[in-house]
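Notes for the one structure printed next.
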Amino acid sequence: MPIAIRPAAESDLPALLALYAELHVDDPVLPRSAALRTWQAIQEQVGRTILLAESDGMPVATADCATLPNLTRGARPFMLVENVVVTAALRRSGIGTALLDAVFALARDAGCYKIQLLSRASRHGAHAFYEARGFRTVAQGYRLYLD
């Protein structure tokens, strides 16, 4: 199955929101005006890229990548990766691997010294996938939800 991966565009918002609905099934539907405002804010951030994977022209996966400047490690930046999702019907088909390869290339091109991502503790299948792609559990993560 041929997979094309590219930076998402504003016209991809409906597809991104559909993928995010698979990731966070309890999230309320985001009104179009809020989605557009948020998209515009994302686009204004230097170093922020939302990747979109397509198979046969259909959006099938995404990853949100933020390259952050850093005053350690010789001033090399690092990348945070969030909201990684492959549509459920196509998991284990190579799309996630291709998507992460694109994430790795983006980080290397930016000169990043590391890529960091968090995954909910209950997502054992995702953890096995990330570890197969070279990620290691090397830190304890913390979150404070502000809702």
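Only residues that are closer than 23 Å to Thr87 by Cβ, assigned to a loop (DSSP other than H, G, I, E, B) and not charged (D, E, K, R) were counted across the range 128-143, and they come to 1. Tallying residues that are in contact with a strand residue (DSSP E or B) (Cβ under 6 Å, 6 or more places away or on another chain) and open to solvent by less than 30 Å² (accessible area, probe 1.4 Å) within the range 103-130 yields 3. Against the definition (at negative phi, at pLDDT below 95 and charged (D, E, K, R)), how does Glu131 come out, yes or no? For Glu131, the condition - at negative phi, at pLDDT below 95 and charged (D, E, K, R) - is met.
Of all residues in the range 106-127, count the ones that are at pLDDT 90 or above and either in a loop (DSSP other than H, G, I, E, B) or farther than 23 Å from Ala15 by Cα (or both). Qualifying residue count, the range 106-127: 10.
Give the residue that is nearest to Gly141 (Cα to Cα), with candidates limited to residues of the range 79-94 that are open to solvent by less than 40 Å² (accessible area, probe 1.4 Å) and assigned to a strand (DSSP E or B). Don't jump to the end; show me each part of the working.
To start, the set of residues in the range 79-94 that are open to solvent by less than 40 Å² (accessible area, probe 1.4 Å) comprises 79, 81, 84-87, 94.
Narrowing further to those that are assigned to a strand (DSSP E or B): 79, 81, 84-86.
On the way: Met79: 16, Val81: 14, Val84: 17, Val85: 20, Val86: 23 Å.
This residue is Val81.
Within the range 17-35, being surrounded by 10 or more Cβ atoms within 10 Å (Cβ to Cβ) and in a loop (DSSP other than H, G, I, E, B) holds for His24, Asp27, Leu30. The set of residues in the range 61-88 being in contact with a strand residue (DSSP E or B) (Cβ under 6 Å, 6 or more places away or on another chain) and at positive phi consists of Asn83 alone.
Would you say Ser11 is among the hydroxyl-bearing types (Ser, Thr, Tyr) and open to solvent by 70 Å² or more (accessible area, probe 1.4 Å)? In short, yes.
The values are calculated or read from the model by the stated rules, or taken from the named source; none is laboratory data. The structure displayed is predicted, hence computed values, not measured ones. Note that each Cβ is placed from the backbone with ideal geometry, even for glycine, and that neighbours are counted across all protein chains shown. Protein only, heavy atoms only, side chains kept; ligands, DNA and RNA dropped before computing areas. Shrake-Rupley method; radii C 1.70, N 1.55, O 1.52, S 1.80 Å.
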